[in-house]
Amino acid sequence: MNHFAYPQMFWLLLLPFVFRAILPAVRGLHGDALRVPFLKDIERINLKAGGIWNTAAPTIKKSPLNKIVLFLIWALLVTAVARPLWVGKPVRLPAMSRDILLVVDISTSMLEQDFVLGNNRVDRLTAVKKTATDFIRKRVDDRIGLVLFGSLAYVQAPITYDKKSVEEILLATDAGMAGNSTSIGDAIGASLKSLRSSSNLDKKVIILLTDGENNSGRLSLAQAIKLAKDENVKIYTIGVGAEKSLINSIFGINLSMPSGLDEESLAQIAKETQGSYFRAKNTQSLEKIYAEIDKLEANENEAKFVRDVQERFYIPLSAALLLSLFLFFWQRRRE
């Protein structure tokens, strides 16, 4: 798309007509104003020599083409002064991105089938994979990382813009790969160490998802919370699982067992680090939780767009120069 930065400059096109109407015409410039004292002597010599010289004063013929070309040159110069611009299509500015680290519990308790996905009963980890990948895809401008933990904690994907790779790693994860117990403190410690290399100083977020309590590892929850506060990292915690777990007894009877989820500690982690705690009892609530986190960590300049602007003043300026050269050489040829 083309437009002009200073379209008001086109009023200058009327300037030649204004000058012509106001100022009087210049007369006698090549007539009586130029007197040559010895012109008569030259005429006598010319007559004696047979009239080989033409001593008449030179005259310039006024051509309509001259006026047209001169006005075109003026119009092109005015166009250049008006600053023609080429403006490209609007391009969305990258929002103020965050570094978000998903910290997922993959202990064997995540195999508990108390979630429903598509009318089918699935285990907790399968439901987490589905909702987490949807969340990852929505974070267009953010960098995402992945930490998996059980008895041990592993940084499976450092903070990256390559969200597809993070999705593939998460989907390929199986429960029990990192051990049977739950090391929440070590998982937070490993996450903070991974985020330490991030250049984003103010927008670091951890989303911690677990169905158990901190019953393993070297780092206590109190130590992990202090480290997170010192690093200025916000932690959202999600407790996964139904209120009570159902297990099959040796007699084929379903027994109701209390959940091993330590909601009090998860709520404390979130509160101390300026985050929030959520309880996910089913797939629907897990989806709503990710949607809520998406709102809480919304990008701050999602509606801002920019356009590529390129100057085009040199085009009419070059055309004016070429026309001036044409007029100069054409006049010389006529003379």
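The values are calculated or read from the model by the stated rules, or taken from the named source; none is laboratory data. These figures come from a predicted structure and were not determined experimentally. Positions of Cβ are generated from backbone atoms using ideal geometry, with glycine treated the same way; all protein chains shown enter the neighbour counts. When the accessible area is computed, the model is the full protein with side chains, heavy atoms only, and any ligands, DNA or RNA have been set aside. Shrake-Rupley method; radii C 1.70, N 1.55, O 1.52, S 1.80 Å.
If I filter segment 206-226 for residues that are out of contact with any helix residue (DSSP H, G or I) (no Cβ under 9 Å at 6 or more places or on another chain) and either among the small types (Gly, Ala, Ser) or buried (at least 17 other Cβ atoms within 10 Å of the Cβ) (or both), do I get at least one hit? No, segment 206-226 has no match at all. When segment 56-73 is filtered for residues that are open to solvent by 70 Å² or more (accessible area, probe 1.4 Å), at pLDDT 55 or above and either of a type in the set (S, T, N, Q) or under 17 Å from ARG20 (Cβ atoms) (or both), the ones remaining, listed by number, are LYS62, PRO64, LYS67, ILE68, LEU70, PHE71, LEU72. Within segment 140-160, none of the residues are farther than 22 Å from ALA291 by Cα, buried (at least 21 other Cβ atoms within 10 Å of the Cβ) and β-branched (Val, Ile, Thr).
Residues that are touching a strand residue (DSSP E or B) at 6+ places or on another chain (Cβ under 7 Å) and closer than 18 Å to PRO158 by Cα within segment 127-147 comprise ALA132, ILE136, ARG139, ASP142, ARG143, ILE144, GLY145, LEU146, VAL147, listed in sequence order. Under the condition of being crowded, with 18+ Cβ neighbours inside 10 Å and in a helix (DSSP H, G or I), the residues counted in segment 79-97 number 2.
For ILE238, the criteria (1) more than 38 Å from the chain's Cα centre (by Cα); (2) modelled with pLDDT of 90 or more hold in every case but one, which is (1). Every condition in (1) at pLDDT below 85; (2) not in a strand (DSSP E or B) holds for LYS229 except the one numbered (1). Taking segment 163-197 as the range and being closer than 24 Å to GLU231 by Cβ and in a loop (DSSP other than H, G, I, E, B) as the test, the residues that pass are ALA178, THR182, SER183, ARG196, SER197. Quick check on ARG121: is it open to solvent by 50 Å² or more (accessible area, probe 1.4 Å) and assigned to a strand (DSSP E or B)? Judged against the criteria, ARG121 is a match.
Beta carbons closer than 7 Å, at least 6 apart along the sequence or on distinct chains, pair a first residue in segment 147-170 that is over 15 Å from ILE206 (Cα atoms) and free of Cβ contacts under 8 Å to residues at least 24 places away in the same chain with a second that is open to solvent by less than 30 Å² (accessible area, probe 1.4 Å) and not in a helix (DSSP H, G or I) for SER165/ALA157; ILE169/LEU146; ILE169/ALA157. Anything in segment 98-118 that is part of a helix (DSSP H, G or I) and either over 12 Å from VAL240 (Cα atoms) or open to solvent by 10 Å² or more (accessible area, probe 1.4 Å) (or both)? List them, or say none. Hits for segment 98-118 are THR108, SER109, LEU111.
Being over 17 Å from SER109 (Cα atoms) and touching a residue at least 40 places away in the same chain (Cβ under 8 Å) is the filter here, so list the residues in segment 171-185 that pass it. Correct list: LEU171 only. Across segment 276-287, the number of residues qualifying as modelled with pLDDT under 90 and either farther than 13 Å from PHE135 by Cβ or surrounded by fewer than 14 Cβ atoms within 10 Å (Cβ to Cβ) (or both) comes to 5.
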